[in-house]
Each structure stands twice: as C-alpha cells, then as structure tokens.
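No value in this document is a laboratory result; all are computed from the given coordinates. Quick caveat: nothing in here was measured; it's all calculated off a predicted structure. Cβ placement follows ideal geometry from the backbone for every residue including glycine, while neighbour counts extend to all protein chains displayed.
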Amino acid sequence: MSLSFNDFQKQDISFDINKLRNACDDVLKIKGFDTSLGIPHFAGIPLNQIPNDPNSIKGNKVRGIYWTKPNSSGEEVTRDVNVEESKYTQFVEEFKNTYFKEVYNELQKSYRLGRVRLLLKKPR
C-alpha cells in the first residue's frame, strides 16, 4: 500500500490547541485513566457512549478490540472485545462543560462521528 498526500484533504475547520490542552486537564481532574484492566500504559477515557447505555464505556469496552505483538515472533494477535463504534452517539454527561463538547458538536455538523476517546498508549 502506498500513501500519497493526495489521500488527504485540508478541512476548513480549526480548534484552539490551548483550549484542547486545558480540556484534557479538566477531564483528567474529573476522571483519570483507568488502568485497572491489567495492561499498563494502555487506557482510555470515553467522551461519548451508546445512548442511555453507561456499560458501553466501562471495562473492556473502553479499549475495544486491538492488535498487539505479544512476543518475539513478530506475529500480531487480536485482543479484547469488538465494539460497534457507530453506535456511540451520546456525549458523556460529566464532560459536557469541557471544550471537547464544543469540538464534538462542531465536528458533528460535518461528519458522522463514531466512538470518541482520550487514549493513553505507550509507543512500541
């Protein structure tokens, strides 16, 4: 697969990076990264959920399915549960007063959004 810059289009939309950083700090004050599932340096904070389904943002559903190379064989394996990304359409109430809600609303005007999260992932 080759990639060229023709695969990308500049969009007429921008967001304030300082407000995004502050919003991240605000969210982290409200709810820190949950690393209780036993995988260090790999966690998330959901910003939206399946409507009226608080379980859609708990446990393994925070991460959802992912691929990893757990050993020296270099072979990639699938882990965790499959998540229906397109069903995540309701913004999480506890974050509605953050700049992320404004960004979410603005993006929704032009794009069909799926699951939106803040992720903590240690580089490989």
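Amide H contacts of Leu118: Ile45, Leu47, each under 5 Å away and 5 or more positions distant or on a separate chain (H built 1.01 Å from N in the peptide plane; Pro and chain starts excluded).
For the chain, a Gaussian network of Cα nodes joined below 10 Å ranks Ile45, Ile13, Ile65 by mean-square fluctuation, and the top entry is Ile13. Each principal axis of the chain carries a Cα extent, and these read 44, 40, 28 Å when sorted largest first.
Projected over every direction and averaged, the convex hull enclosing the alpha-carbon atoms of region 79-124 yields 4.7 nm². Residues considered: Asn97, Asn52, Asn82. Largest GNM mean-square fluctuation over the chain, using C-alpha springs under 10 Å, is found at Asn52. When you filter the GluC sites (Glu not before Pro) in region 59-108 for DSSP loop state and at most 14 other Cβ atoms inside 10 Å of their Cβ, you are left with Glu75, Glu76, Glu84. Listed by chain and number, the aspartates and glutamates whose C-alpha is less than 12 Å from the C-alpha of Lys58, apart from same-chain residues fewer than 8 away, are Asp34. FRET efficiency for the pair Leu113 and Asn6, taken as 1/(1 + (r/R0)^6) with r the Cβ-Cβ distance and R0 = 41 Å, rounds to 0.95.
Please report, in debye to the nearest 20, how large the charge dipole of the chain is about its Cα centre when each Lys and Arg carries +1 at its beta carbon and each Asp and Glu carries -1 there.
So the magnitude is around 200 debye.
Within the chain, the longest run free of chymotrypsin sites (Phe, Trp or Tyr not before Pro) that sit in a DSSP loop with at most 12 other Cβ atoms within 10 Å is 9-110. Under the criterion of Cα pairs below 8 Å and six or more residues apart, the relative contact order for the chain equals 30 percent.
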